[in-house]
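Participant: Sharing a structure below in structure tokens format, with a few things to ask.
The values are calculated or read from the model by the stated rules, or taken from the named source; none is laboratory data. Worth saying up front: this structure is predicted, and the values here are computed from it rather than measured. No Cβ is skipped: glycine too gets one built from the backbone with ideal geometry, and neighbour counts run over all protein chains shown.
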Ligand code: NAD
Ligand code: UD1
């Protein structure tokens, strides 16, 4: 298939581009580089031994998107482009609603106009709110605690309404759990700007000595050891999940969790990282982080039974590849 990947130079998009090309699909990337850089394109070309078509455009720009759709006969779109920093979204809600919603609407309008019926959307486990684990696709969604989360709930709803109006659309909403890790080459990975908000990039930067110690946000949750439990998934498994979802896409709206189905606590992740990489990660328990929930992990029965996809890589693989990527990146002191 000929697939437009928006946000294809970002963390999850770039790994998915690798999986798409490795399975024989053609890729066109649209990214405005707001949270990525052009070097990723060179790395993608080198990993896949190809010359990927890249458009440096803002997906909210309907004129440019229409030109792109006119120039290329697309079979489908995977829409990753968006802002994702939860904390920033509470400070700059309009920036988040504007970019995340307008990008989805602009693309969906172009798909309708140019008769491109396959649409895969990056959603998040955050839409489940503080439901009882494991999270199942059939659960009623609970309010999220921030504008970022709301953009995912609204993005899902916009696409569901589109399908109601035009049942020929084939829309898959993928709810990601916690992607971590990196491409085994060490060339691609997650490179947050400034001090990381998420756990794994924080751990790798502490291990490298860039940051002094990890703050563990609370040890009084009702979990195995009191620290928060999440469903960490290797980003290459997540990438392969997109290819499986795309290849099995069908009419209507279909929602799938992309996780492993296993919950891991913060302390368990630290211990696994230390053992796998034979390196210490100094940490200190501090107050809970506002807006965090105790446990979040997936029920993955639906994607396993309907599509036959499941995550193959272990927590050790995630820790090894995340560390390999961190070691491969240059630190500017
Ligand atoms: P990322 O920031 O690494 O990648 C997003 C990419 O989109 C970046 O390259 C950025 O430059 C680009 N972009 C943003 N707005 C754009 C626009 N208007 N036009 C063109 N390009 C634009 O983020 P990621 O971690 O790869 O996440 C990808 C998607 O998955 C996002 O929609 C995110 O909300 C969603 N998601 C991510 C996670 C996670 O933990 N990383 C979890 C759940 C859902
Ligand atoms: C984050 C996002 C969420 C998104 C999800 C998946 C926030 C508040 N939420 O959630 O919207 O859907 O990623 O990508 O950013 N932790 C520490 N110390 C740290 C960082 C994290 O103890 O320095 C703990 C957290 O309390 C949590 C776990 O580690 O228990 C994972 O945190 P994080 O990586 O930020 O992901 P989520 O909180 O699941």
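Participant: Does segment 152-169 include one or more residues that are modelled with pLDDT of 95 or more, within 11 Å of ligand 2 (Cβ to nearest atom) and either assigned to a loop (DSSP other than H, G, I, E, B) or in contact with a helix residue (DSSP H, G or I) (Cβ under 7 Å, 6 or more places away or on another chain) (or both)? Break it down stepwise before answering.
Facilitator: Applying the first criterion (modelled with pLDDT of 95 or more) to segment 152-169 yields 152-169.
Going one step further and asking which of them are within 11 Å of ligand 2 (Cβ to nearest atom), we end up with 152.
Add one more test, that the residue is either assigned to a loop (DSSP other than H, G, I, E, B) or in contact with a helix residue (DSSP H, G or I) (Cβ under 7 Å, 6 or more places away or on another chain) (or both), and what stays is 152.
Yes, because at least one residue in segment 152-169 is modelled with pLDDT of 95 or more, within 11 Å of ligand 2 (Cβ to nearest atom) and either assigned to a loop (DSSP other than H, G, I, E, B) or in contact with a helix residue (DSSP H, G or I) (Cβ under 7 Å, 6 or more places away or on another chain) (or both).
Participant: How about segment 130-141: which of its residues are surrounded by 14 or more Cβ atoms within 10 Å (Cβ to Cβ), within 25 Å of residue 93 (Cβ to Cβ) and without any contact (Cβ under 8 Å) to a residue 40 or more places away in the chain?
Facilitator: If the condition is that a residue be surrounded by 14 or more Cβ atoms within 10 Å (Cβ to Cβ), within 25 Å of residue 93 (Cβ to Cβ) and without any contact (Cβ under 8 Å) to a residue 40 or more places away in the chain, then 131, 141 are the ones that fit.
Participant: Any residue at all in segment 174-185 that is away from ligand 1 (no atom under 14 Å from the Cβ), touching a strand residue (DSSP E or B) at 6+ places or on another chain (Cβ under 6 Å) and part of a loop (DSSP other than H, G, I, E, B)? Reasoning before the result, please.
Facilitator: From segment 174-185, those away from ligand 1 (no atom under 14 Å from the Cβ) are 184-185; that's our starting set.
With the extra rule that they be touching a strand residue (DSSP E or B) at 6+ places or on another chain (Cβ under 6 Å), the set shrinks to none.
No - not one qualifying residue is present in segment 174-185.
Participant: Right, here's the next one. Can you tell me how many residues within segment 115-129 are touching a helix residue (DSSP H, G or I) at 6+ places or on another chain (Cβ under 9 Å), outside any strand (DSSP E or B) and within 16 Å of ligand 2 (Cβ to nearest atom)? Break it down into steps so the answer makes sense when it comes.
Facilitator: As a first pass, look at segment 115-129 and keep what is touching a helix residue (DSSP H, G or I) at 6+ places or on another chain (Cβ under 9 Å): 116-124, 126-127, 129.
After this cut, where a residue has to be outside any strand (DSSP E or B) as well, the list is 116-117, 126-127, 129.
The next check asks that each one be within 16 Å of ligand 2 (Cβ to nearest atom); those that pass are 126-127, 129.
Total satisfying the criteria: 3.
Participant: Can you list the strands (runs of 3 or more DSSP E) lying wholly within segment 1-114 that have 3 or more residues being more than 24 Å from residue 148 (Cβ to Cβ)?
Facilitator: Values: elements: 2-6, 26-30, 53-55, 76-79.
The qualifying strands (runs of 3 or more DSSP E) are 26-30, 53-55.
Participant: Let me ask you something else. Out of the residues in segment 22-36 that are farther than 15 Å from residue 54 by Cα and free of Cβ contacts under 8 Å to residues at least 40 places away in the same chain, state the one that is surrounded by the fewest Cβ atoms within 10 Å (Cβ to Cβ).
Facilitator: Looking at the filtered set, the residue picked out is 24.
Participant: When both residues are 6+ apart or on different chains and their Cβ atoms are under 7 Å apart, which pairs have a first residue that lies in segment 225-244 and is within 10 Å of residue 309 (Cβ to Cβ) and touching a residue at least 40 places away in the same chain (Cβ under 8 Å), and a second that is more than 12 Å from ligand 1 (Cβ to nearest atom) and not in a helix (DSSP H, G or I)?
Facilitator: Filtered contacts from segment 225-244: 237/311; 237/312; 237/313; 241/309; 243/23; 244/307; 244/309.
Participant: Report whether or not residue 210 is over 15 Å from the mean Cα position of the chain (by Cα) and surrounded by fewer than 19 Cβ atoms within 10 Å (Cβ to Cβ).
Facilitator: Working: over 15 Å from the mean Cα position of the chain (by Cα): yes; surrounded by fewer than 19 Cβ atoms within 10 Å (Cβ to Cβ): yes.
Yes, satisfied.
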